[in-house]
């Protein structure tokens, strides 16, 4: 009954949305409630800015690839950067605070990845500022500010540099460099990470529209070791529209040996580019990303939700790096910023078909940590490579010791290999396969050949694992783990044949004899001894997709019917996305539609609709859920299929609410697929 009520409410919400004209590229927050506020993130794959309900402030600045050990679990965590985009604004001697902002609105522009906040201050001024994490400059951010005077006023804007509490040995600097045609005033800070492992540095500067020589004079104020600022004074006549910007850069020794000088160089570069050109290049970079798009005709609400999911994945992943996204991307410190199977199984497939060059960075992350995975296998008595359940900077195991998933959730090793194979399948890049893909796939296959336990003639068990359904701890012959291992071993044989490399016959023998168990009624058993208990998240149904271990439609439907009713409270968002995808493949669009809505609508949080991990959860943004949601569109309704020969399309059915679905810029050849 409860599920029927939820689905009825979802249907009502969508009927209401259909009657409203929705901008599929923008999300507006018109009512800002600080007590019920889950911020939006603007990010470029390296640096993320998380919004705040407090005017002129942001919640967090998060850096990718920068970890140190602090906080929970004695494991490494993402580092917060200096907060380099916070501002103060005094108008006629009064500092604007949370209670002073009237008519406050925040608008996320997903097409060009910026977040604009506007508000009125009494009858004196209208203020607008926009955050950019510049796509063209990975370590650089921009705050674009416009103040419209309603009366004659005096303004004192300040660029504030604040160190988060976790940083230590903070040092602040203010430098002014005078050149013939420009004055460079740099507000900079440097600090050590909590253990001293890393050095972080940030720098900012003002960008003015006034010609050199008539720019406002800047004043530097040192408040304490953790904060200093640069400010200027300006008198505005009523009706004046005054514009300026603040460019900032942040980098650590994880990326550069000399972060302070490098951050200042980036800021100088931004200053001499100028605000207009910085935004122009940023917009052009995002226009290029959106050439790979999902276009839904007939349903503006779904279109915007799909764009939101794409926007966040595009924001959290960057081509040309060796970074892979954590479950919460760059939206904060959730899950310590660690990399799980969420990257390979949930986010990677959608990114791979839309932007193979971005997916390449994610596989590169694993390739560069192959040596650590091999040592992990050695330390546990196995051959090949055993990837850690939680990975951060080094590639060593980063799971807190109280979580059994660290030593036992071994399917991650197969997930990594499957992603490597799928990258080759989509790109057909045999040079990459030889150099990087096959070493991963082979080492992971060697792990499984040593991990299985022989149980009589022609039977290899995989015992004592944490299942993909993590409520099933230390079980034997888990369906997903076994099937993923089989896929890994099969791909190792296929890759070896393509490269004319020797095939280990043990891969073939083990792959053929790993069991997929059944219950008495023919339903695929989640693990040996499973007796129908509730599950945390999808497991068995993953054998139909993405593993393709089960291909018979009757078996797929039987497993769906059985496990749909056993999903427990608090199931992560991606569970229902898989149900939607499979029902779409089975040409049951009504059931697919209901599961599709359930995969994300209950997880939305105010005021932007950012996704939490579970319905009622409070930990957005859940990029894993966005990845599953997009797979339900691309591979479910869209029928895309990753095969050894590349991307093909199979026949599926669209929901009746959609007139057509157009997938643009797909795969290495940037093809277009249309479904009517």
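Structure above, values below:
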| quantity | calculated |
| --- | --- |
| Answer from 344, 364, 372, 357 - the residue that is touching a residue at least 12 places away in the same chain (Cβ under 8 Å), closer than 30 Å to residue 115 by Cα, more than 11 Å from the chain's Cα centre (by Cα) and surrounded by fewer than 23 Cβ atoms within 10 Å (Cβ to Cβ) | 357 |
| Candidate set: segment 18-40, residues that are more than 14 Å from residue 117 (Cβ to Cβ) and not in a loop (DSSP other than H, G, I, E, B); chosen: the one modelled with the lowest pLDDT | 18 |
| Residue within segment 73-86 that is closer than 30 Å to residue 362 by Cα and either surrounded by fewer than 20 Cβ atoms within 10 Å (Cβ to Cβ) or more than 25 Å from the chain's Cα centre (by Cα) (or both) present | yes |
| Residues satisfying the stated conditions in segment 288-305, i.e. in contact (Cβ under 8 Å) with a residue 12 or more places away in the chain and in a helix (DSSP H, G or I) | 289, 300, 301, 302, 303, 304, 305 |
| Residue ranges of helices (runs of 4 or more DSSP H) in segment 363-447 with at least 1 members at pLDDT below 95 | 405-408 |
| Condition met for residue 311 (within 27 Å of residue 391 (Cβ to Cβ), out of contact with any helix residue (DSSP H, G or I) (no Cβ under 7 Å at 6 or more places or on another chain) and either free of Cβ contacts under 8 Å to residues at least 12 places away in the same chain or surrounded by fewer than 24 Cβ atoms within 10 Å (Cβ to Cβ) (or both)) | no |
| Counted residues, segment 112-135 - those being within 28 Å of the chain's Cα centre (by Cα) and touching a residue at least 60 places away in the same chain (Cβ under 8 Å) | 11 |
| Residue within segment 619-642 that is farther than 19 Å from residue 296 by Cα and modelled with pLDDT under 95 present | yes |
| Count of residues meeting criterion [within 40 Å of the chain's Cα centre (by Cα) and surrounded by fewer than 12 Cβ atoms within 10 Å (Cβ to Cβ)] in segment 211-252 | 3 |
| Filtered residues of segment 595-605 (kept if farther than 12 Å from residue 632 by Cβ and assigned to a helix (DSSP H, G or I)) | 601, 602, 603 |
| Qualifying residue in segment 611-624 (condition: surrounded by fewer than 23 Cβ atoms within 10 Å (Cβ to Cβ) and not in a loop (DSSP other than H, G, I, E, B)) | no |
| Output for segment 295-308, where each listed residue is buried (at least 16 other Cβ atoms within 10 Å of the Cβ) and over 18 Å from the mean Cα position of the chain (by Cα) | 296, 299, 300, 301, 302, 303 |
| Residue list for segment 633-645, filter: buried (at least 16 other Cβ atoms within 10 Å of the Cβ) and touching a residue at least 60 places away in the same chain (Cβ under 8 Å) | 633, 634, 635, 638, 640, 642 |
| Number of the exception - residue 628 against (1) more than 23 Å from residue 325 (Cβ to Cβ); (2) touching a helix residue (DSSP H, G or I) at 6+ places or on another chain (Cβ under 7 Å); (3) assigned to a helix (DSSP H, G or I) | (1) |
| Residue among 498, 440, 516 that is closer than 24 Å to residue 388 by Cβ, touching a residue at least 24 places away in the same chain (Cβ under 8 Å) and in contact with a helix residue (DSSP H, G or I) (Cβ under 7 Å, 6 or more places away or on another chain) | 440 |
| Strands (runs of 3 or more DSSP E) fully within segment 186-273 counting 3 or more residues that are touching a residue at least 12 places away in the same chain (Cβ under 8 Å) and over 15 Å from residue 162 (Cα atoms) | 199-208, 234-236, 241-252 |
| Residue match in segment 490-504 (condition: at pLDDT 95 or above, touching a strand residue (DSSP E or B) at 6+ places or on another chain (Cβ under 6 Å), crowded, with 16+ Cβ neighbours inside 10 Å and closer than 26 Å to residue 340 by Cα) | no |
| Count of segment 558-581 residues which are closer than 21 Å to residue 614 by Cα and in contact with a strand residue (DSSP E or B) (Cβ under 7 Å, 6 or more places away or on another chain) | 6 |
| Test: residue in segment 103-111 that is touching a helix residue (DSSP H, G or I) at 6+ places or on another chain (Cβ under 9 Å), under 28 Å from residue 200 (Cβ atoms), buried (at least 21 other Cβ atoms within 10 Å of the Cβ) and touching a residue at least 60 places away in the same chain (Cβ under 8 Å) | yes |
| Residue match in segment 602-621 (condition: under 17 Å from residue 349 (Cβ atoms), touching a residue at least 12 places away in the same chain (Cβ under 8 Å) and touching a helix residue (DSSP H, G or I) at 6+ places or on another chain (Cβ under 9 Å)) | no |
| Only one of 149, 163, 122 that is under 23 Å from residue 229 (Cα atoms) and either surrounded by fewer than 23 Cβ atoms within 10 Å (Cβ to Cβ) or modelled with pLDDT of 95 or more (or both) | 163 |
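For (1) surrounded by 15 or more Cβ atoms within 10 Å (Cβ to Cβ); (2) assigned to a loop (DSSP other than H, G, I, E, B); (3) in contact with a strand residue (DSSP E or B) (Cβ under 8 Å, 6 or more places away or on another chain), each residue gets a yes or a no:
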position	(1), (2), (3)
506	yes, no, no
533	no, yes, no
547	yes, yes, no
583	yes, no, no
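The values are calculated or read from the model by the stated rules, or taken from the named source; none is laboratory data. All values derive from a computational prediction rather than experimental measurement. Quick reminder, even Gly has a Cβ in these numbers, built from the backbone with ideal geometry, and neighbours come from all protein chains shown.
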